[in-house]
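The values are calculated or read from the model by the stated rules, or taken from the named source; none is laboratory data. What you see is a predicted model; the values in this text were computed from it and never measured. Here Cβ is always computed from backbone atoms with ideal geometry, including for glycine, and neighbour counts include all displayed protein chains.
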Amino acid sequence: MHPLTTLRLGALAAAMILPVHAADTQVLPTVAVKIRSAGMESDGKYDRFIVTYAPGSTPRANHTLVEQGVATAISRAHLDMRSAQSGSLASPPAARWQRKLAIGADLVRTPRKLSRDESLALMQQIASDASVVHVEPDVLLHAVADVKAPGTLPAGVATSTPDDPMYAQYQWHMHPGDGSATTVGADTAAYANKGGSDASAAWAMADGSGVVVAVLDTGITHHADLNLELAGDGYDFIDDALVSGRATDGRVPGGWDTGDWTTTDPWLSQCTDASNPPEASSWHGTHVSGTIAERSNNAVGMAGVAPGAKILPVRVLGHCGGYTSDIADAITWASGGHVDGVPDNTYPAQVISMSLGGSGVCDASDVTSTAIAGAIARGTAVVVAAGNSNDDAAGYSPASCPGAIAVASVGITGRRAFYSNFGSTVTVAAPGGGIYANDAASGSGSVNAGFVWSTLNSGTTVEDQAVYGGMAGTSQATPHVAGTVALMVGAVKDVGHAPLTPDQIRLALINSARAFPIAPDHPIGMGIVDASAAVQAAIASDTPIASVVLSNGVMVTGQVGKAGTSALYRLDVPAGARNLVFRTLGGTGDVSIYVKRGVPPTESGNNADFQSVKPGNNESVIQTLPAGGTWYVRVAGVKDYAGVSVSGSFTAN
């Protein structure tokens, strides 16, 4: 049973909506929310649960006590653990400890799959233990599996000018989005290219050499147009035998894609239904990897955004998807953290690209969010797909995880792709393909200009011939941004500047984004990624952001401003802090406040994570479990104001 609703246009993954902020003060509970139920389907079945115990608690260091605690919770929830197949009764009710995650949580498994209601009852009982700080089901996430263009292109293409012969013919998405008339592949109509990434203009300044990009996906296949130098150094993090396709449970070295087809049993019966029809192997990771770093100037095929970068393939998606627990460990490992039972990564990535997801809001205490926060703390930028369900990205994980760079999709005309998720959690848009002529929401058939073109494989189950093909979706938009980040990181290193932090990278992407040629019908970030401008912004990003630095709990008094103007303040919040509060009070006039982590809110506040817009000057935003990092608060004058006090405070762990 798939843990997310799926919209199929070929295979477009979908999710649910949840608003990012309300129109007034955000007041969260004063105690941690221990249970994550977001993303659980009403008819879902779950037998894997991730339990996080408090640091220093006895069960955290003793997996036998973890098993005993979950078994007690099963009993208290009055759950019958008899197997539907055997009719046998587990006595006492058993739970099997699977492993310790890198973030410190424990993965446990129940003797049978539980319904949603049973799972909630069990998690409530687990959470009643005072030593438990968080519990969530270990759900399967999926590739944001996008629409495939009809047919494929052979790998053996005669040399021509330019060096990469199919670059000029197909890769509109690497060209400048300057409105130049562009005819793609077999199309007869030309389109004004306003959605391109401008990667071609960036190559004169940087090519990503010396940068490692970890692609957490289905793995990678053999292809002459891909640099496979690190393929053997990657890792297959899929532990479950059903999902990996191996004979036994366990993780194995190498980032190779061995296929993810669901057209034969056991996957046909266990992973497919009316909403999720059987599918051939997607080779999704190979396509994404090519967009990031396909070789260039080799007289073959196409080109990637950062052709000098090295791809570190990490297999986290197989038959039926990929478990949250495996993905979280892979995020930690790819960014240079330690994972028990796996050799340490000798090529830590500066960038992680994840074109995958599932439904449900991602809170700071969630397993995926905790892993991403760890990667960011190690200096790794995390780029993720916004999702393909034409909904608010706030309802997706990891798209709504704090600190992740979420990417929406535009087509060749620069319009929001009709399927692309949107909302204030989106950082930037990038070319992902509009599928139909003029990026319309429907049509009599697809066009070549409606797709992103990259490396693929012809196999329907296992790997066969290396080919090229088109796909469309936020999965394809995401690697354009990941590749751009690789260019930025490499360029900054080349000029001898200090490495950029992930927050600086995000800000440079926002500041350099090209304005939308057509106002989007829904917000999809601050513009379309422009690789050339982003490289230049990265080189100049050592200029500090003009803002007033707040000290924890210290009130800044006597603030004055005019209607229509704003002032920016910042507060550095350590990881593990609680009860973050931003306030304005006193004085005369009327102000509103807009709050965002990582980058400043805009003057209008339309990208804010939280806001408070009551009449007068008494405004507040409260986050009980904030993500660590730099938080910005913009105080905007609704009317002239004077004598206003501004503060930011938190409780350190």
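Among the residues of region 256-270, those identified as over 22 Å from ILE220 (Cβ atoms) and either outside any loop (DSSP other than H, G, I, E, B) or not assigned by TED's automatic domain parsing to the domain that holds THR461 (or both) are LEU268, SER269, GLN270.
When ALA537, ALA515 are checked against the criterion of being surrounded by fewer than 18 Cβ atoms within 10 Å (Cβ to Cβ), closer than 30 Å to ALA192 by Cβ and small (Gly, Ala, Ser), a single residue qualifies: ALA515. Within region 346-358, being touching a helix residue (DSSP H, G or I) at 6+ places or on another chain (Cβ under 8 Å) and surrounded by fewer than 24 Cβ atoms within 10 Å (Cβ to Cβ) holds for one residue alone: PRO348.
When SER244, SER282, SER275 are screened for being over 26 Å from ARG109 (Cβ atoms), in contact (Cβ under 8 Å) with a residue 40 or more places away in the chain, outside the structural domain of GLN98 (by TED's automatic domain parsing) and among the polar types (S, T, N, Q), only SER282 passes.
If you scan region 99-118, which residues turn out to be of a type outside the set (Asp, Glu) and either assigned to a loop (DSSP other than H, G, I, E, B) or within 26 Å of the chain's Cα centre (by Cα) (or both)?
The answer is ARG99, LYS100, LEU101, ALA102, ILE103, GLY104, ALA105, LEU107, VAL108, ARG116.
Looking across SER475, SER420, one residue alone is within 23 Å of ILE220 (Cα to Cα) and at pLDDT 95 or above. It is SER475. Might you let me know whether region 615-622 holds any residue that is small (Gly, Ala, Ser), in a strand (DSSP E or B) and buried (at least 23 other Cβ atoms within 10 Å of the Cβ)? No; the residues of region 615-622 include none that is small (Gly, Ala, Ser), in a strand (DSSP E or B) and buried (at least 23 other Cβ atoms within 10 Å of the Cβ). Across region 163-198, the number of residues qualifying as crowded, with 18+ Cβ neighbours inside 10 Å and either assigned to a loop (DSSP other than H, G, I, E, B) or in contact with an Asp or Glu (Cβ under 9 Å, 6 or more places away or on another chain) (or both) comes to 14. A single member of GLY387, GLY403 is modelled with pLDDT under 95, under 10 Å from the mean Cα position of the chain (by Cα) and either under 24 Å from ILE103 (Cβ atoms) or not in a strand (DSSP E or B) (or both), and it is GLY403. Remark: pairs (first residue in region 59-74, more than 24 Å from LEU120 (Cβ to Cβ); second residue small (Gly, Ala, Ser) and not in a helix (DSSP H, G or I); Cβ separation under 7 Å; 6+ apart in sequence or on different chains) are absent.
Among the residues making up region 586-600, those that are surrounded by 17 or more Cβ atoms within 10 Å (Cβ to Cβ) and part of a strand (DSSP E or B) are VAL591, SER592, ILE593, TYR594, VAL595, LYS596, ARG597. When region 562-585 is filtered for residues that are on the phi < 0 side of the Ramachandran plot, under 30 Å from the mean Cα position of the chain (by Cα) and assigned to a loop (DSSP other than H, G, I, E, B), the ones remaining, listed by number, are PRO574, ALA575, ALA577.
Being outside any strand (DSSP E or B) and over 21 Å from SER446 (Cβ atoms) is a property that THR248 has.
Restricting to region 308-337, what's the tally of residues that are touching a helix residue (DSSP H, G or I) at 6+ places or on another chain (Cβ under 6 Å) and more than 25 Å from VAL139 (Cβ to Cβ)? Residues meeting the conditions: 2. Per the conditions (1) crowded, with 16+ Cβ neighbours inside 10 Å; (2) outside the structural domain of VAL485 (by TED's automatic domain parsing); (3) closer than 27 Å to ALA482 by Cα, the sole criterion not satisfied by ASP572 is (1). Screening VAL135, VAL144 for residues that are over 30 Å from ALA299 (Cβ atoms) and at pLDDT 95 or above leaves exactly one candidate, VAL135. GLN559 falls short on exactly one of the conditions (1) more than 31 Å from the chain's Cα centre (by Cα); (2) surrounded by fewer than 18 Cβ atoms within 10 Å (Cβ to Cβ), and that condition is (2). Residues in region 448-490 that are surrounded by fewer than 24 Cβ atoms within 10 Å (Cβ to Cβ) and aliphatic (A, V, I, L, M): VAL462, ALA466, VAL467.
A quick yes/no check of all residues on (1) in contact with a Pro (Cβ under 9 Å, 6 or more places away or on another chain); (2) at pLDDT 95 or above; (3) outside the structural domain of ILE510 (by TED's automatic domain parsing); (4) β-branched (Val, Ile, Thr):
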{"position": "ARG415", "(1), (2), (3), (4)": "yes, yes, no, no"}
{"position": "THR425", "(1), (2), (3), (4)": "no, no, no, yes"}
{"position": "SER444", "(1), (2), (3), (4)": "no, no, no, no"}
{"position": "PHE451", "(1), (2), (3), (4)": "no, yes, no, no"}
{"position": "THR455", "(1), (2), (3), (4)": "no, yes, no, yes"}
{"position": "THR460", "(1), (2), (3), (4)": "no, yes, no, yes"}
